[in-house]
Structures are given as structure tokens and as C-alpha cells.
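Right, one structure below, let's go through it.
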Amino acid sequence: MTEVSSLTGRLLVATPALADPNFDRAVVLLLDHDEEGSLGVVLNRPTPVDVGDILEGWADLAGEPGVVFQGGPVSLDSALGVAVVPGGAAGKEPPLGWRRVHGAIGLVDLEAPPELLASVLGSLRIFAGYAGWGPGQLEDELVDGAWYVVESEPGDVSCPSPERLWREVLRRQRNELAMVATYPDDPSLN
């Protein structure tokens with residue numbers, strides 16, 4: 001197998017051609033990517049479930065909208081916390097209960113007491129489930145043109161208007177991808 005260049009911390013943005021309904025207009029933050037596979041969370045799939053309904057102690061720390069997001073089709077009965085710690089990229093010792101993924105973005109230990117992180121978190125999102133790919137599977141999808149790979153920004157994790165995230169991420173690109181942001185929801189209506 002060829003060496004896999006890590007995409008951890010980057011965004012996968014679904015191309016309009018991606019036919020899988022689980023990922024229609026999805027923006028996925030890759031939390032892990034190596035030769036053993038990939039794992040990420042879909043940043044723009046809010047559910048109607050309030051964070052307080054499943055993780056009461058974390059509800060006050062969750063950003064708006066304060067709901068659980070569907071992180072992907074795998075293990076919907078599990079929860080992941082992704083948080084931004086301002087200055088988290090500054091090379092300091094990470095706070096207890098938070099593990100850096102990329103820059104200021106990291107995973108939260110949801111078993112830890114929320115008070116441990118309350119004073120340092122800039123934003124928090126709770127995800128039910130995740131998106132996962134086996135060895136080489138994501139690379140095959142990239143070759144097939146299913147995803148655009150772009151840099152993430154800390155604000156992507158806590159975008160207050162998740163329904164607009166797909167277009168916003170594409171629009172900020174400094175190449176032809178910015179034009180894809182104008183792609184109609186239903187091209188057959190053109």
C-alpha cells in the first residue's frame with residue numbers, strides 16, 4: 001500500500017456529484033486519517049434533540065444551536081464532543097479532558113466533568129455517530145471525485161447556521177471551488 005498523507009483536521013466537502021444521501025452537501029471534519037482508515041464528523045446535520053436531553057452537564061457549554069448533530073451514519077448511539085480551545089494551537093499543554101486534533105480543534109472527553117473545560121472552551125458541538133472509512137476507501141472516493149478537500153477553520157465546528165456551511169466553506173475558497181457554492185439544490189429545475 002502506498003503511504004497515506006494525513007488529512008486529519010481538514011474538511012471533506014461533498015461534491016454535487018456525490019450520490020450517497022448520508023453525505024448530500026455534507027461538510028465533514030476529519031478527526032483521524034491514516035493508513036488504517038479515516039474518521040470524521042458531519043458538521044452540518046443538526047438534529048431536533050437538545051444536548052441537555054442526552055448530556056445534561058454539557059448543555060450549557062454547547063454552542064448555538066444547542067442541539068446534537070448527526071456526525072455520520074456509524075454508531076449513532078455513541079457521542080463525540082468536538083471543541084475549539086482558543087489559543088489551543090499555541091503549543092501549550094492541552095487542558096485536561098481535551099485532546100488536540102488540529103490547531104485549536106480537539107476532542108472532548110465527555111466522561112470528564114464539564115467544569116474541567118468550562119473556562120477554556122470557545123465552542124463545543126456534540127455529535128451522535130460518525131463517518132468512517134476503511135483503509136484506502138476514502139482515497140478511492142477522492143479519486144472518484146466525491147469530495148473536495150479544503151482547510152478547516154475553527155469557526156466551522158460551531159457555525160451557528162449549519163444549513164449554510166456547505167456554501168460558506170466553498171465560497172471562501174480562492175479557486176474554482178468558490179463557483180460550486182452557487183450550484184443549485186436541484187439542477188433539474190434549471
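Would you pick out the residues in the stretch 154-190 that are at pLDDT below 90 and surrounded by 11 or more Cβ atoms within 10 Å (Cβ to Cβ)?
Of everything in the stretch 154-190, those that are at pLDDT below 90 and surrounded by 11 or more Cβ atoms within 10 Å (Cβ to Cβ) turn out to be P154, L177, A178, M179, V180, A181, Y183.
For G106, state whether it is in contact with a Phe, Trp or Tyr (Cβ under 6 Å, 6 or more places away or on another chain), in contact (Cβ under 8 Å) with a residue 12 or more places away in the chain and open to solvent by less than 60 Å² (accessible area, probe 1.4 Å).
Working: in contact with a Phe, Trp or Tyr (Cβ under 6 Å, 6 or more places away or on another chain): yes; in contact (Cβ under 8 Å) with a residue 12 or more places away in the chain: yes; open to solvent by less than 60 Å² (accessible area, probe 1.4 Å): yes.
Yes; evaluated as a whole, the condition is true for this residue.
Regarding the stretch 77-90, can at least one residue be identified that is open to solvent by 50 Å² or more (accessible area, probe 1.4 Å), of a type in the set (G, A, S) and over 20 Å from G37 (Cα atoms)?
yes
Taking the residues in the stretch 14-67 that are modelled with pLDDT of 95 or more, among the acidic types (D, E) and over 21 Å from R100 (Cα atoms) as candidates, determine which candidate is farthest from the chain's Cα centre (by Cα).
D53
Name the one entry in D32, D20 that is of a type outside the set (G, A, S) and exposed (fewer than 14 other Cβ atoms within 10 Å of the Cβ).
Numbers: D32 fails: exposed (fewer than 14 other Cβ atoms within 10 Å of the Cβ).
Residue meeting the stated conditions: D20.
In the stretch 49-65, is there at least one residue being in contact (Cβ under 8 Å) with a residue 24 or more places away in the chain, in contact with a Ser or Thr (Cβ under 6 Å, 6 or more places away or on another chain), within 28 Å of P113 (Cα to Cα) and open to solvent by less than 50 Å² (accessible area, probe 1.4 Å)?
yes
Can you tell me which residue among G129, G97 is in contact with an Asp or Glu (Cβ under 9 Å, 6 or more places away or on another chain) and at pLDDT below 95?
When all the criteria are applied, what remains is G97.
At least 3 residues that are more than 14 Å from Q137 (Cβ to Cβ) in each: list the strands (runs of 3 or more DSSP E) lying fully within the stretch 1-44 that qualify.
So the answer is 11-14, 27-34.
With the structure loaded, tell me whether S123 is more than 19 Å from P46 (Cα to Cα) and polar (S, T, N, Q) or whether it fails that test.
So S123 fails the test.
Output the qualifying pairs, or none if there are none: Cβ atoms under 6 angstrom, residues six or more apart or on different chains, first residue in the stretch 174-190 and of a type outside the set (A, V, I, L, M, F, W, C), second residue at pLDDT 85 or above and surrounded by 10 or more Cβ atoms within 10 Å (Cβ to Cβ).
Cβ pairs passing all conditions: Y183/P16.
If we only count strands (runs of 3 or more DSSP E) wholly inside the stretch 103-180, which ones have 1 or more residues that are under 26 Å from D50 (Cβ atoms)?
105-108, 123-133
Consider the stretch 122-141. How many of its residues are open to solvent by less than 30 Å² (accessible area, probe 1.4 Å) and within 24 Å of V67 (Cβ to Cβ)?
8
Which of (1) of a type outside the set (A, V, I, L, M, F, W, C); (2) without any contact (Cβ under 8 Å) to a residue 12 or more places away in the chain; (3) within 14 Å of R125 (Cα to Cα) is the odd one out, the single condition G40 does not satisfy?
For G40, the exception is condition (2).
Looking at the stretch 66-85 only, could you name the residues that are farther than 13 Å from L43 by Cβ, part of a loop (DSSP other than H, G, I, E, B) and touching a residue at least 40 places away in the same chain (Cβ under 8 Å)?
Within the stretch 66-85, just P73 meets the criteria.
The values are calculated or read from the model by the stated rules, or taken from the named source; none is laboratory data. Everything quoted here is computed from the prediction, not taken from an experiment. Every residue, glycine among them, receives a Cβ derived from its backbone with ideal geometry; neighbour counts consider all protein chains shown. Remember, those area values only see protein heavy atoms, side chains included, never the ligands or the DNA or RNA. Shrake-Rupley method; radii C 1.70, N 1.55, O 1.52, S 1.80 Å.
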